[in-house]
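I have placed the structure first, in the form of structure tokens, so that the comments after it can refer back to it.
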Amino acid sequence: MDHDSYADSYIRGILNTVKSIAMVGISPKDNRPSYFAFKYLLERGYRMIPVNPGQAGKEILGQKVYARLADIPEPVDMVDIFRAPQYAVPIVAEALALAPRPQVIWMQLGVRNDEAAATAEAASLKVVMNRCPKIEYGRLSSEISWMGVNSRTLSSKKAQLSGRGIQRMSLDRTTLAGGTTEAALRAAKDGGR
């Protein structure tokens, strides 16, 4: 597969198919890109599973953190690698040891490791490199266009809204609230008024 560019249908197919995502390298710091991506995907209805050995046993956005992929007690559809490229090969090896195996290995922006990709593809897993699922979801759902960013997606059809309160576009997914913030707690307490 050509990992320099991906068809929108390939990315959309992945984002519409996976339900659970293990994010390896999530940071508990709310100003880090991994935290933003994790929170965004959690709010879009994905089952997000944080993996960070330094935070194991704690919670990030209400989700229990695991030290490694093998510690996760449920099947994982996608492994999102938020680590430097040199760590991708051992993370893919760990993912391939899972039963059942994940369907997708996704390497974040700035993370490209052709050896890891070839290993995953040899085991029939889909691979995406140097892309962010948060950005791709926003681009393909047209949410990103609200901010004036060119999404490279043209359509005369009105995008499907999802959720209540804040307008969010969807890729035909159910939107769930993720994490707890003061605003979310106030909204729940006030009955959404």
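We did not get these values from a lab; they are worked out from the coordinates using the rules stated. The structure displayed is predicted, hence computed values, not measured ones. Methodologically, a virtual Cβ is constructed for each residue, glycine included, from the backbone with ideal geometry; neighbour enumeration extends over all protein chains shown.
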_Alpha-carbon Rg with Dmax, taken over the range 64-130, Å_ = 10.9, 31
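Quick one: length gained pulling Y10 to A122 fully straight, 0.36 nm per residue minus the C-alpha distance? Walk me through the intermediate numbers first.
Details: separation 112, 0.36 × 112 = 40.32 nm, distance 1.79 nm.
Working it through step by step, the gained length comes to 38.5 nm.
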_Given a Förster distance of 22 Å, report the FRET efficiency between L109 and Y87 from their Cβ-Cβ distance, rounded to the nearest 0.05._
0.90
*If you plug each phi of the range 87-97 into the Karplus form 6.51 cos²θ - 1.76 cosθ + 1.60 with θ = phi - 60°, what whole-Hz ³J(HN,Hα) values come out, in order, with x for Gly and Pro?*
8, 5, 4, x, 5, 5, 4, 5, 5, 5, 7
*What residues qualify as long-range amide H neighbours of M107, i.e. H under 5 Å apart, gap of 5 or more or another chain, H built at 1.01 Å from N?*
I81, V128, M129, N130, R131
*Potential lengthening between D71 and N130 on full extension [0.36 nm per residue; Cα-Cα distance subtracted]*: 18.6 nm
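Please get the size of the charge dipole for the range 8-132, origin at its Cα centre, with Cβ charges of +1 on Lys and Arg and -1 on Asp and Glu, quoted in debye to the nearest 20. Present the calculation step by step, with values, prior to reporting the outcome.
Details: 15 positive and 12 negative charges, 56 e Å.
Rounded to the nearest 20 debye, it is 260 debye.
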*Using the Cα gyration tensor of the range 8-132, with a ≥ b ≥ c the square roots of its eigenvalues, what is the shape: rounded (a/c below 1.5), prolate (a/b larger than b/c) or oblate (neither)?*
rounded
